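Peer 1: Handing you a structure now.
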Amino acid sequence: MDAIFLIATFAFFVTCCIYGLLAQLVWYKRTKSEQDWVFLATMVACAYWCLSNALASSAATTLEKPTSALGTFLFQTSYPVLYLVPSLIRHCLVLSRLSLHGWRRWAHLTLNYLGILPIVYHLYASPRPLPEHYGPAFLGLLFLYLPLTIAEVKMRAELRARHLLKPESRLIVYAGLGGVLLMCAVSDFFCRLYPDKASILSLIPKLSPLPPALAMGYSVLRYRFMDMVFTRSLLYSALGVLFLGFALLVAYYGGGWLFPGQNFRPVAFAVRLLLILFAFHFLFHVLRDGLQKSIERSFFRHRVRSAELLKQFTQMLTSWSDLEGLCRDAVEKFTGSLDLTSATILFADGTVYDHTTPVKTHSSVLLLLLQQTKDPIIVVEELLDSPLKTACGEAQIGVILTLPCREQRGWLLLGEKHSGRPFFSQELSLLEAAGGQLAMAIDNLVLVRSKLALEREMQHREKLAAIGQLAATVAHEIRNPITGAKCLLQQVDEELNSNTPGKEYVSLALEDLNRVEQSVSQLLAYARKEEFQFSDCDLNGLVSATIQRFSSPPSEKRVIVHFQEQPSVWAVIDEEKMRRTILNLLINARDAVDHDGVITVELLATGPEVQIRVSDNGQGLSIEDQNRIFEPFFTTKEKGTGLGLAIAQKIIEGHGGQIAVASTLGKGTTFTLTIPRQRPETRSAA
Amino acid sequence: MKQTILVVDDERSIRIGLKGLLTKEGYEVTIVENGNEALRELARQAYNLVLSDLRMAGLDELSLLKKIKEQHPETSVILMTAYGSEKIAVEAMKAGARDYLIKPFDNDEVKILVHQAFEQQALQRQVQHCMSDSTPHFVSKISLVRARQCSGYSMSSREWPQRT
């Protein structure tokens, strides 16, 4: 009894180990497919079958004691075949259906189902009632294994449709069945060889689920996960344990050792020797693969980590659309993943993106030294004594990585590790790869930015061209009838006496015509390509004269204009266009203020530029209005064309300057014109 | 004898308006609506002044002006344009136009320009008469006329009309 239970427990243990490993593997890969639960459940079902049949088989052999040799054989093989039933069904359903066609398929099915005959005989000959034998097995078969197998059939059909399942899987089936038959044959052989130990040796077939289980495991792993290293290791370790178990059993229960003295039998000796050699062969593989696996695992762990970091880094790089955000996020990632004291991106133009706050200012000396470097990556510790090493030491830089950006060079300056450890070569490789990606991302962003700017410029030009074309047509189509109407109305106006009621109407009509004419003229002025006539001009005089011209026809509103006269401020400008621009701003300011409004004009000379500010204390502009204020045809006035400021912007930009608006609702608005003192082309040439 | 003016414009209201305005000023005005008609009219009768639109159907922008200058060099031409651009104006002046008007114009502006054009024609006739006479007595008169021509209305001294 002890031996029986020992063997049954052994079989159960080995089988559970194998399925446990498979389950672990499935669990490890669980994130890859939603269908993996099918595999996991199949493994559990198989383990259940192994357990129940191992115990049942042991009990049957012990209790039923068959009398004839055939009966013993059939009794012994009935349970293993029973083990195989689900596997057979599964193979028939899954693999045969997918791999075999025509008569081969039917032959295969018939051959497989012949294995049920021993069960039928066992049922017929056994004195024990049916449920006692097969109750758990059939329940499991009905409720657990069949549904799962059907699910697997469907899934594998999908996999096959995607060319993931390969025809050689039937070899796995044959290997599994062959393994079972071999074990049965070996068991029978040894039973005949050692009749006194037959009751023990006949337990060998109880381990028969192992080959199909292994075959199935291999099949699952091979075609589902493709992890050959792990599969091979698993297979070899199972085979090694199996053959070692055989060898031990044969050695211990089969009578005698390798050299059993006077009763030496060459066949028995050869078989035992073969079994032990096989066991060692497979165990050697287990050891070798185990060692290899552990090395690979540690190796892969780093590679997996690096790959994971690179993946995260790439995702981060593609998620940004502005350069500053990208650079700041990148340095944050570098700092976090390598546990660094600091990380900085420095560009050749002196722009610095730093993770730590406040932003460090790198000396121009460091920038100069960096520009002389040619190495893609520099570990400061490995540098010989040099000015660069000193400068890096002062800035607490551990590694310098050159970012090969297309537009301008950049450097990733990494601090030291918090742990104080040096940078490993693998980390440096990772940094180099990440730096290359960062440079590409920066280049892409720069390209995208310039592309967007170009597109905006093109759109603006197209808009201008469309307005120009429209304006030319409009000018002709509107000015001609206006001319005729005006000519006729003026004659009528002259004819009428001042007391005639109709004279007022004619005057109103003429005013309206004049307003239409002004709008058309503004549209033309905006659409027309401005031709500038630059000359030296005293802006102080120009502003004073413009204010005088602005104030000379007294307006309905009482508006006070403050202007602090300056000494002469000379600049090269188109005097007439600048006067128009300032006048336009003054008129806008007057329209914006209420009665008794105050307009302040300031003239500031700041180095190579001059600023003219026109402020009012009117109602101010909302943020939305400020954003659109320079758009053509946008106006906040009741009677405005919305072209005045657009023309003003065009003129100021033609001077190489800028026009800006700052406004607070309820407090007033300030327009600032910033223009260079020199002519634009002279300035760019300089 | 009344001064004759030919008004060429494809806009009916302009033709009618200018005819009324200039007739009231004492000129004899004929109106046509395109360049080809103008050339036919000029072939039929000589005109002192042509007031013509710059861009009309039938002829290119300056071709009417050039043909008038070829066939009737003594006729002054004032061009009217709805495109207020210096470039076109300069080209028109180079091609021999007496002056130009930017539409829409004031009636007074038209009166002044037409008056100046006839005044200049009169001065030119005087100069030619004096030149043909060739007596020393008129040398001082010629100098006087030339001086008036130079100091009179000219492109350089005229402020460009600003329409903003």
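The values are calculated or read from the model by the stated rules, or taken from the named source; none is laboratory data. Every value quoted in this text rests on a predicted model; they were computed, and no experiment measured them. For neighbour counting, all protein chains shown are included, and Cβ atoms are generated from backbone atoms with ideal geometry for every residue, glycine included. These area figures cover heavy atoms from the full protein model, side chains too; ligands, DNA and RNA do not enter into them. Shrake-Rupley method; radii C 1.70, N 1.55, O 1.52, S 1.80 Å.
Peer 1: Any of A:311/A:417; A:451/A:667; A:557/A:650 with alpha carbons more than 32 Å apart? Name them for me.
Peer 2: Numbers: A:311/A:417 22 Å; A:451/A:667 39 Å; A:557/A:650 29 Å.
Exceeds cut-off: A:451/A:667.
Peer 1: Now, a different point. In Å², rounded to the nearest 100, what is the total accessible surface buried by chains A and B against each other with a 1.4 Å probe?
Peer 2: Numbers: alone 37400 and 9590 Å², together 44840 Å².
Looking at A and B, the buried total is near 2100 Å².
Peer 1: Give me the accessible area of residue A:633, 1.4 Å probe, in Å² rounded to the nearest 10.
Peer 2: Surface accessible to solvent at residue A:633 totals approximately 110 Å².
Peer 1: For residue B:93, what accessible area in Å² do you get when you roll a 1.4 Å probe over the heavy atoms of the protein chains, rounding to the nearest 10?
Peer 2: 50
Peer 1: What is the projected area of the convex hull of the Cα atoms of region B:4-130, averaged over all directions, in nm²? Numbers along the way, then the final one.
Peer 2: Working: hull surface 29.5 nm².
For region B:4-130, the mean projected area of the Cα convex hull comes to 7.4 nm².
Peer 1: Still on this structure: Residues of A:520-528, mean number of Cβ from any other protein chain within 10 Å of their own Cβ, rounded to a whole number? Working shown, then result.
Peer 2: On the way: counts 5, 7, 2, 0, 6, 4, 0, 0, 5.
Per residue, the number of nearby Cβ atoms from other chains is 3 on average.
Peer 1: Right, another one. Given the C-alpha centroids of region A:374-403 and region B:1-55, what is the distance between them in whole angstrom?
Peer 2: 87
Peer 1: Keeping every protein chain in place, order A:606, A:483 by accessible area at 1.4 Å, biggest value first, i.e. largest first.
Peer 2: A:606, A:483
Peer 1: Go ahead and run the numbers for FRET between residue B:63 and residue A:463, Cβ-Cβ distance against an R0 of 51 Å, rounding to 0.05. It would help to have the intermediate numbers written out before the result.
Peer 2: Numbers: r = 33 Å, r/R0 = 0.66.
For R0 = 51 Å, the calculated efficiency reads 0.95.
Peer 1: If you don't mind, there's one more thing I want to ask. To the nearest 20 Debye, how big is the dipole of region B:4-130 about its Cα centre, given +1 on the beta carbon of each Lys and Arg and -1 on that of each Asp and Glu?
Peer 2: Working: 16 positive and 20 negative charges, 51 e Å.
I would put it at about 240 debye.
Peer 1: How would A:526, B:27, A:505 line up by accessible area, probe 1.4 Å, largest first? Could you put the intermediate results ahead of the total?
Peer 2: On the way: A:526 10, B:27 35, A:505 155 Å².
Heavy-atom accessible area, descending, gives A:505, B:27, A:526.
Peer 1: Can you give the net charge of the other residues whose Cβ lies under 12 Å from the Cβ of residue B:47, counting K and R as +1 and D and E as -1?
Peer 2: On the way: positive: B:2, B:44; negative: B:28, B:41, B:74.
Every neighbour counted, the sum reads -1.
Peer 1: Once you list every other residue whose beta carbon is under 12 Å from the beta carbon of residue A:496, what net charge do they have if Lys and Arg are +1 and Asp and Glu are -1? The partial results should precede the final answer.
Peer 2: Working: positive: A:503; negative: A:493, A:494, A:495, A:504.
Taking every other residue near residue A:496 into account, the sum is -3.
Peer 1: Run through every distinct alpha carbon pair of region A:439-491 and return the Kirkwood hydrodynamic radius in angstroms, one decimal place. Intermediate values should be presented prior to the final figure.
Peer 2: Working: mean 1/r = 0.0692 Å⁻¹.
Evaluated on region A:439-491, it is 14.4 Å.
Peer 1: Under 20 Å from a point placed 7 Å out from the Cα of residue B:132 along the Cα-to-Cβ direction: which residues of region B:1-28 have their backbone N that close?
Peer 2: Under 20 Å, as judged by backbone N against the label point of residue B:132, lie B:1-4 of region B:1-28.
Peer 1: Another one. Work through the residues other than residue A:388 whose Cβ is under 14 Å from its Cβ and net out their charges, Lys, Arg +1 and Asp, Glu -1. Can you show the working numbers first?
Peer 2: Numbers: positive: A:374, A:389; negative: A:375, A:381, A:382, A:385, A:394.
Every neighbour counted, the sum reads -3.
Peer 1: Which pairs in the list B:87/B:111; B:2/B:111; A:577/B:67 are over 27 Å apart, alpha-carbon to alpha-carbon?
Peer 2: Details: B:87/B:111 24 Å; B:2/B:111 16 Å; A:577/B:67 37 Å.
Beyond 27 Å: A:577/B:67.
Peer 1: Between residue A:636 and residue A:319, what is the FRET efficiency for a Förster distance of 45 Å, r being their Cβ-Cβ separation, to the nearest 0.05? Can you show the working numbers first?
Peer 2: Details: r = 39 Å, r/R0 = 0.86.
The computed FRET efficiency comes out at 0.70.
Peer 1: Assuming R0 = 60 Å, can you tell me the calculated FRET efficiency for the pair residue A:511 and residue A:429, based on Cβ-Cβ distance, to the nearest 0.05?
Peer 2: Values: r = 80 Å, r/R0 = 1.33.
Calculated transfer efficiency: 0.15.
Peer 1: Also, I was wondering about something else. Taking 0.36 nm per residue of separation and subtracting the Cα-Cα distance, what length does fully extending residue A:446 through residue A:495 add? If you can, show how the numbers build up before the last one.
Peer 2: Numbers: separation 49, 0.36 × 49 = 17.64 nm, distance 6.91 nm.
Residue separation times 0.36 nm, minus the Cα-Cα distance, leaves 10.7 nm.
Peer 1: Please give the solvent-accessible surface of residue B:98 in Å², to the nearest 10, using a probe radius of 1.4 Å with every protein chain present.
Peer 2: So the heavy atoms of residue B:98 present about 40 Å² to solvent.
Peer 1: Residue farthest toward the positive end of the dipole of region B:4-130, with Cβ of Lys/Arg at +1 and Asp/Glu at -1: which of B:77, B:26, B:128?
Peer 2: B:128
Peer 1: Can you pull out the GluC sites (Glu not before Pro) in region A:580-662 that DSSP calls coil and that have at most 12 other Cβ atoms within 10 Å?
Peer 2: Details: sites: A:602, A:609, A:624, A:638, A:653; in loops: A:638.
Qualifying residues, ordered by number: A:638.
Peer 1: In what order, largest first, do A:477, B:61, B:28, A:382 sit by accessible area if the probe radius is 1.4 Å?
Peer 2: My answer, sorted largest first, is A:382, A:477, B:28, B:61.
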